[in-house]
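One structure is given here, and the rest of the page talks about it.
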Amino acid sequence: MLKNNFLGLPPEDCIYKNCYFCVIPVPFEKTTSYKKGTKYGPLAIINASTQVEVVDEEYLITPYQMEGITTTTPVYDHEAPNLLNKLADAVSKSVKDKKFPIILGGEHAISEGVSNGLLKHYTDLSVLQFDAHCDLRPEYEGTIYNHACAMFRIKDKCKLAQIGIRSIAEEELPYINKGNVKTFFIHKWHSRTQELIKEMLNHLSNNVFITIDLDGLDPNVIPGVGTPVPGGFTFEQALTIIKEVIMHKNVVGADVVELCPELDEIISPFSAAKLAHKIIAYQTAKKHKLSPK
């Protein structure tokens, strides 16, 4: 049975006005080009989150008790432009209400809506993109709103640091490491995580939106994605990077996208839920100036 609140929290612990973290499900799937199923991702993550322990093991804190976690009704529209506008409004409202938005996708096309909502409040916004793919195609399969074009539409509005990249389309080559875009090919950095973090932080502005396409992690870690590519980050590497960015920058929002859940596969949704909860834990620890135990 679906637990509608992230972590399966009872309604009395998820009252919007009392919560700092705002989980926004976006079950949008329009342009997935390989494996289908991203529209089921948000609910699969929320379901799996009921099995995530509410205590963070690094800081020995219970974030939902300290800051509160609310889960909104899903944001949806069948057409991408309308969906992006609705999502931008939802994200902007959460920021206006002094909340930290965490968006659960859905295909990667939704990230433009997240960034547009954040840009209403942070003019110097930059984006940290976990991904196997650059997503820098000007258009794909007849539309500029394809998931493979998500970062092309964002790059002129924000500084963009791409990490985990190991799959590049020919038409993306003119945009790699040009203008606002800094592309970190994973084969150059796999054994140099701390150096990667230093270079990445130097490129990002102070206010950062983290977008996590789950195929940025290795398929051995999260197999349930639309386009799995071997050679990605381990779970530990991803957490190390996320933690360092949160501790050194002002992270103002995050999304977790591109989960394609299988009926009997629980590793991918649980890992995605755990990632989302670790973002919440790191943000809580920073807010309260806590150190790991």
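Divide the volume of the convex hull of the Cα atoms of segment 26-102 by its number of residues and quote the answer in cubic angstrom per residue.
In segment 26-102, the Cα hull volume divided by residue count equals 121 Å³.
By per-residue mean of other Cβ atoms within 10 Å, what is the highest-first order of 85-97, 173-185?
85-97, 173-185
Give, in nm to one decimal, the length gained when the segment between Gln194 and Lys289 is fully stretched (0.36 nm per residue of separation minus the Cα-Cα distance).
Separation in residues times 0.36 nm, less the Cα-Cα distance, equals 32.0 nm.
Two decimals is fine: what is log10 I(q)/I(0) at q = 0.10, 0.12, 0.14, 0.16 Å⁻¹ for the chain, from a Debye sum with one equal scatterer on every Cα and no solvent?
The Debye formula, applied to the Cα set alone, gives -0.46, -0.68, -0.96, -1.33.
Could you state the principal axis extents of the C-alpha atoms in segment 99-146, from the largest down, to the nearest angstrom?
Each principal axis gives a Cα extent; for segment 99-146 these are 36, 21, 17 Å.
Between their Cα atoms, which of Lys159/Lys274; Lys98/Lys243; Lys17/Lys249 are more than 23 Å away from each other?
Flagged as over cut-off: Lys159/Lys274; Lys17/Lys249.
Quick one: what does P(r) look like for segment 180-253 with 10 Å bins over all Cα pairs, in whole %?
18, 51, 30, 2
Rounded to the nearest 0.05, what FRET efficiency is calculated for Thr73 and Glu265 with R0 set to 30 Å and r the Cβ-Cβ distance?
It comes out at approximately 0.70.
Can you report the principal axis dimensions of segment 47-170 using only the alpha carbons, biggest first, rounded to whole angstrom?
47, 31, 31
Determine the gain in length on full extension of the stretch Glu170-Asp13; use 0.36 nm per residue of separation and subtract their C-alpha separation, reporting nm with one decimal.
Here the segment from Glu170 to Asp13 would lengthen by 51.6 nm.
Can you tell me the relative contact order of the chain? Whole percent, Cα pairs under 8 Å, sequence separation 6 or more.
This gives 23 percent for the chain.
Compare the peptides 251-262, 105-116, 147-158, 200-211 by average per-residue count of other Cβ atoms within 10 angstrom and give them in order, highest first.
The densest-packed peptide leads the list: 105-116, 251-262, 147-158, 200-211.
Just so you know, all these numbers are worked out from the coordinates, no wet-lab data involved. Not measured: the values here are computed from a predicted model. Note that we place each Cβ from the backbone using ideal geometry, even for glycine, and neighbour counts take in every protein chain shown.
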